[in-house]
Amino acid sequence: QPVAGHVHRQLDQDVDLVVPYALRGDLRLNGQPLCSRATLCRCGASKQKPFCDGSHHEVAFTASGEPATVGADTLVERDGPLSISPQVNGPLLVRGNLEIVSGTGRVVARRTSAQLCRCGASASKPFCDGSHARVGFEAT
């Protein structure tokens, strides 16, 4: 449950009903204030990267299976800015007090940084496993 008076940031990642990453909180993109909500691409096909434009429907993107829980210990703090830095031809580097929640509502991870797949090819979605190099993913 979110703590009253604090921003509850979560990254919703639905593995059965393919949806983009949904982020909520004090978001910063490459150090610049963004907004309090953003929808980011995870299929690799968006023409508006790092944002989702619905291209996952056109490319029949799939992600199957429920991700394993890794490091779900309670965070000391749950507020503060959430920094999003798309890596050139690579993952989204997300820093801040981050809670990653699957589409079923189960906490996958709580951490202060994560490299999230945005090429769509990772075998360990939502996390990057380096597949972007193998598939030739290109984005700034």
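The values are calculated or read from the model by the stated rules, or taken from the named source; none is laboratory data. None of the values given here were measured: they were computed from a predicted structure. Cβ: placed from backbone, ideal geometry, glycine included. Neighbour counts: every protein chain shown. Ligands, DNA and RNA are excluded from the accessible area calculation, which covers all protein heavy atoms including side chains. Shrake-Rupley method; radii C 1.70, N 1.55, O 1.52, S 1.80 Å.
From the list P91, P67, which residue is open to solvent by less than 50 Å² (accessible area, probe 1.4 Å), in contact with a helix residue (DSSP H, G or I) (Cβ under 8 Å, 6 or more places away or on another chain) and at negative phi?
After ruling out the rest, the residue left standing is P91.
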Would you confirm, using the coordinates I've provided, whether A114 is under 14 Å from the mean Cα position of the chain (by Cα) and either closer than 19 Å to G44 by Cβ or part of a loop (DSSP other than H, G, I, E, B) (or both)? yes
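Quick check: anything in segment 26-48 over 15 Å from P126 (Cα atoms) and β-branched (V, I, T)?
No.
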Have a look at V70, V88 and point out the one that is assigned to a loop (DSSP other than H, G, I, E, B), touching a Ser or Thr at 6+ places or on another chain (Cβ under 7 Å) and over 17 Å from R42 (Cβ atoms). V88
Please pick out the residue among V19, V7 that is at pLDDT 50 or above, closer than 22 Å to R110 by Cα and aliphatic (A, V, I, L, M). V19
